[in-house]
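Notes to accompany the following structure.
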Amino acid sequence: MSQLNPTLITFIFYILAMVGIGLYAYKATTDFSDYILGGRSLGSVVTALSAGASDMSGWLLMGLPGAIYLSGLSEAWIAIGLIAGAWLNWLLVAGRLRVHTEVQNNALTLPDYFTSRFGDRKRVLRIISALVILVFFSIYCASGMVAGARLFESIFGLSYTTALWISAIATISYVCIGGFLAISWTDTFQAGLMIFALILTPIMAYLALGDHSQHLATLIETARPHASNMLSGLSTVAILSSLAWGLGYFGQPHILVRFMAADSVKTIPAARRIGMSWMILCLGGAVGAGFIGIAYFQHHPELATVVSQNPETIFMELTKILFNPWIAGIILAAILAAVMSTLSCQLLVCSSTLTEDLYKSFLRKNASQKELVWVGRFMVVAIAILAIALASNPGSKVLGLVAYAWAGFGAAFGPLIILSLFWKRMTLNGAIMGIIVGAVTVILWKNTMASTGLYEIIPGFILSFISIVVVSLLEKKPPQEVIQRFEQADELYKKEMHELKNGISVQPENL
């Protein structure tokens, strides 16, 4: 137990630091807008790193390295798809969404934006989009709970149930206290911790091979034949399914909300460069840990028992073996950082949806700002308890849960977000049909057509896109006031980008 003490102390210090940031953010949270969107005050660095940290959940340090360790570089197509999708999301969606959500009655949530964008007076679109967020985020939050439980279970030898509750309480505490600002500030710190761990661990694993590092390829091929071949054992469908993860970015509420919270359009280009650099390095490190881990455990089979039983523990096992307990504690805290950063944002998005889009819109239209903040905190706890229940099965796999939720959001919201920002002819019924078709297709495909090997986001995204276009064209044009708001936002975005490109000062308050 003495060997675990330094790691335990590191974890306790880390969790207390996160809660401390939450307490500091509590003082800066004066109304509901601050609690769920930080008052639209994030600069380029915080926007970039908080978006990256909230995106890269526990699967980055568990699911992806585990998949690479088990199957080789053929699993790296997921990373390639994610990089392409994230870059396009920053390029095409980030700036436009920042402007459009403010023009559309200063929308604080995606359902709020959709309601204003399409003039949904009956609020049908608000209800449907809120339900989709709650269903798929419950699954997504469960994946974070599983990753956190696996971490505490592996390091401290706790039972799965005890580990599950400890990791959940650690995250819930600072989300409830500090809201969006706490999440964004802690995400920035957590992003630095994650990149440090992901770069250092594969390098140390390679150096630990000593003279055997010269025979890295031989060791890997002995353990996993064809592991170095990215095409090994893959069909065209399998490659397309991995690359299609990139489509999911256009519809992830916990990532899109970071764009909405940027202080102005002028922060987006710098944030894109910072965010993409961070992402490429982190994904490269995750792939490297899994790949070099094949050689390391082939050379040290006596140490491979735990990894053989659950490949998703490879990053944790390498860390515990290669570093002294103090350094290991810091690096292992990066996994907790990945889990907490994504889970915290997901809990807050669920909370804001329940509070802003259901409680305030249908139950308490005149609720005070203080009341809404406290209702939001209560909703965080409620969603967390539901996620804990979904994660209670010890056999749950992180990557599998993430894949399902990622596809659900990507198909339901991705085409809707893209077309809402680029096509003024899009109608309310087209938007409603797009969400329903995308979400239903993912659920049906996952449960009836999984044997085809085609990732459910592909048919879901395509059919959702087609549904929006067809239904919109079959109807009359949207009301003139809806078109005018779209044109106002579009012109403002183009103006701001022109001024930014030509070095003209952009005043955030005019956005």
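Here are a few things to note about the model shown:
- Qualifying residue in the stretch 260-272 (condition: under 11 Å from G52 (Cα atoms), buried (at least 20 other Cβ atoms within 10 Å of the Cβ), touching a Ser or Thr at 6+ places or on another chain (Cβ under 9 Å) and of a type in the set (A, V, I, L, M)): yes
- In the set (1) part of a loop (DSSP other than H, G, I, E, B); (2) at pLDDT 85 or above; (3) under 29 Å from M56 (Cβ atoms), K424 fails one condition alone, (3).
- Candidate set from the stretch 68-78 (those that are of a type outside the set (D, E, K, R) and buried (at least 23 other Cβ atoms within 10 Å of the Cβ)); member that is farthest from S242 (Cα to Cα): Y69
- Qualifying residue in the stretch 235-249 (condition: part of a loop (DSSP other than H, G, I, E, B), more than 17 Å from I417 (Cβ to Cβ) and modelled with pLDDT under 85): no
- Hits in the stretch 58-76 - residues which are within 18 Å of the chain's Cα centre (by Cα) and not small (G, A, S): W59, L60, L61, M62, L64, P65
- Restricting the first member to the stretch 189-203 and to residues that are in contact (Cβ under 8 Å) with a residue 24 or more places away in the chain, and the second to residues that are surrounded by fewer than 20 Cβ atoms within 10 Å (Cβ to Cβ) and of a type in the set (A, V, I, L, M), the beta-carbon pairs closer than 7 Å and six or more apart or on different chains are I195/L281; I199/L281.
- Contact annotation: residue pairs with Cβ atoms under 6 Å, 6 or more positions apart or on different chains, pairing a residue in the stretch 486-502 that is within 16 Å of I418 (Cα to Cα) with a partner that is part of a helix (DSSP H, G or I) and not small (G, A, S), are A489/V99; A489/H100; A489/V103; Y493/R96; Y493/V99.
- Qualifying residue in the stretch 174-187 (condition: crowded, with 21+ Cβ neighbours inside 10 Å, at pLDDT 75 or above and part of a helix (DSSP H, G or I)): no
- Of the helices (runs of 4 or more DSSP H) entirely within the stretch 51-116, those holding at least 1 residues that are within 18 Å of I199 (Cα to Cα) and of a type outside the set (A, V, I, L, M) occupy 63-71.
- Looking across A130, A147, one residue alone is over 22 Å from M433 (Cβ atoms) and under 19 Å from the mean Cα position of the chain (by Cα). It is A147.
Table: residues versus (1) at pLDDT 75 or above; (2) within 22 Å of R123 (Cα to Cα); (3) in contact with a strand residue (DSSP E or B) (Cβ under 9 Å, 6 or more places away or on another chain).
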| site | (1), (2), (3) |
| --- | --- |
| S368 | yes, yes, no |
| W374 | yes, no, no |
| V380 | yes, no, no |
| S396 | no, no, no |
| W406 | yes, no, no |
| A411 | yes, yes, no |
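- Any chance V132 is closer than 24 Å to P415 by Cβ, buried (at least 21 other Cβ atoms within 10 Å of the Cβ) and at pLDDT 90 or above: no
Yes or no, residue by residue, for (1) surrounded by 21 or more Cβ atoms within 10 Å (Cβ to Cβ); (2) on the phi > 0 side of the Ramachandran plot; (3) charged (D, E, K, R); (4) touching a residue at least 40 places away in the same chain (Cβ under 8 Å):
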{"site": "T109", "(1), (2), (3), (4)": "yes, no, no, yes"}
{"site": "R121", "(1), (2), (3), (4)": "no, no, yes, no"}
{"site": "F136", "(1), (2), (3), (4)": "yes, no, no, yes"}
{"site": "F152", "(1), (2), (3), (4)": "yes, no, no, no"}
{"site": "I166", "(1), (2), (3), (4)": "no, no, no, no"}
{"site": "A170", "(1), (2), (3), (4)": "yes, no, no, yes"}
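- Cross-chain or 6+ apart pairs with Cβ under 9 Å, the stretch 1-17 first and at pLDDT below 75 and part of a loop (DSSP other than H, G, I, E, B), then loosely packed, with under 12 Cβ neighbours inside 10 Å and not hydroxyl-bearing (S, T, Y): L4/G157
- Remark: I166 matches the filter, which requires a residue to be in contact with a Phe, Trp or Tyr (Cβ under 9 Å, 6 or more places away or on another chain), farther than 30 Å from I294 by Cβ and at pLDDT 80 or above.
The values are calculated or read from the model by the stated rules, or taken from the named source; none is laboratory data. Since we're looking at a predicted model, the values are computed, not measured. Positions of Cβ are generated from backbone atoms using ideal geometry, with glycine treated the same way; all protein chains shown enter the neighbour counts.
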